[in-house]
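Have a look at the structure below before the remarks.
Where a number appears in this text, it was derived from the coordinates with a stated rule and is not lab data. Because the structure is a prediction, the values reported are computed rather than measured. Neighbour counts are summed over all protein chains in view; Cβ atoms, including those assigned to glycine, are modelled from backbone coordinates with ideal geometry.
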Amino acid sequence: MEYADLHLHSTASDGTCPPGEVVRKFAETGFSIISITDHDSVAGIDEAVSAGNELGIEVIPGIELSTIYDDKEEIHILGYYIDWQSDKLKKTLDNFLYSRKIRAEKIIKKLNDIGVKIDKDKVFKLAGSEFIGRLHIARAMVKEGYVKNVSEAFTEKYIGRNGRAYVERFKMKPREAIELILELGGIPVLAHPGMYGWGECIDEKIIKEFVDNGLVGIEIFYPCHSELVRNYYLKMTQKFNLLVTGGSDYHGKGTGRDMVGEIKLPIYYVDKMKARINR
């Protein structure tokens, strides 16, 4: 049987492997289709698609957009088969990059104020691209010996949500992300729904709201989703005629999300996505 993994990150956002290397790892493991879905970035897609062509593995152009629901809950919306070269998308993502850069500078200043003396230039160099996220700051904290691991950095003591050095940044609303992905000719999918602050099973009313906004699918097969959670969202996909997707949320070595092959999505589900695009 052929398999896919539709949720992978590279150095174009907060992963540790270059896009081409991610493609190679999954090709060597026997996957036939993958999607690079970097956070608020499509900078790795050209390299990934090129590597896929060389290695004989299909690379679906994707993205994972960060949004804020009701000014409280951060929600991620995945987009597949998007026009990643769109001028509108580029302008939107440029705004995100600027927002992340300013946020990173503020977080680093707050950390310095509480005695965590990390250098801004070193953090930006560690990131290795224009994309600067909290994970890069956390890695710098590990490197400088302030915390034992990335997880320790993501606590209220440091840069976790509501942490002493946490700073919010600009995020679009879920509806805006869904509409943008649709405008780009893509398929908007709710990412890892069992991982948000509402609890593992999001209220059906919220799912319906997203569907009314244009949501097309739900990421059901995900490492942290229990069988109970999967079954709940499978019922939601049946009720609202939504697509089923899945992926490992691979980020690479040293991130805690580095297992290639943790999720093996049957190609059947990708065929359903393609049929939705072509209908």
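Across I36, I57, I77, mean-square fluctuation computed from a Gaussian network of the chain (C-alpha pairs under 10 Å connected) peaks at I57. Of I45, I68, I202, the sequence from fewest to most neighbouring Cβ atoms within 10 angstrom is I68, I202, I45.
Residues whose amide H comes within less than 5 Å of that of I36, counting only those at least five positions distant or on another chain, are I60, G62 (H built at 1.01 Å from N in the peptide plane).
If you take the alpha carbon atoms of region 27-133 and fit the smallest convex hull around them, that volume is 147 Å³ per residue. On a per residue basis, the convex hull of the C-alpha atoms belonging to region 1-75 measures out at 87 Å³.
Can you pull a Stokes-Einstein diffusion coefficient for the chain at 37 °C (0.692 mPa s), Rh from Kirkwood over Cα pairs, as a whole number of µm²/s? For these conditions, the coefficient is 172 µm²/s.
Look at the alpha carbon pairs under 8 Å that are at least 6 residues apart: their mean separation over the length of region 94-153 gives a relative contact order of 30 percent.
Here the mean projected area of the convex hull built on the C-alpha positions of region 155-247 is 6.9 nm².
If you wrap a convex hull around the C-alpha atoms of region 88-154 and split its volume per residue, what is the figure in Å³? Each residue corresponds to 78 Å³ of Cα convex hull volume.
The order of C17, C201, C224, going from fewest to most other C-beta atoms within 10 Å of their C-beta, is C224, C201, C17. Counting neighbouring Cβ atoms within 10 Å and putting the fewest first, the residues H9, H76 line up as H76, H9. Note: relative contact order over the chain, using C-alpha pairs below 8 Å and six or more positions apart, is 22 percent.
Evaluating 6.51 cos²θ - 1.76 cosθ + 1.60 at θ = phi - 60° for every residue in region 77-90, the Karplus couplings come out as 10, 7, x, 10, 6, 7, 7, 6, 9, 5, 5, 5, 5, 4 Hz, glycine and proline recorded as x. Which trypsin sites (Lys or Arg not before Pro) from region 131-176 combine a DSSP loop assignment with at most 10 other Cβ atoms within 10 Å? Counting only loop positions with at most 10 other Cβ atoms within 10 Å, the trypsin sites (Lys or Arg not before Pro) in region 131-176 are K148.
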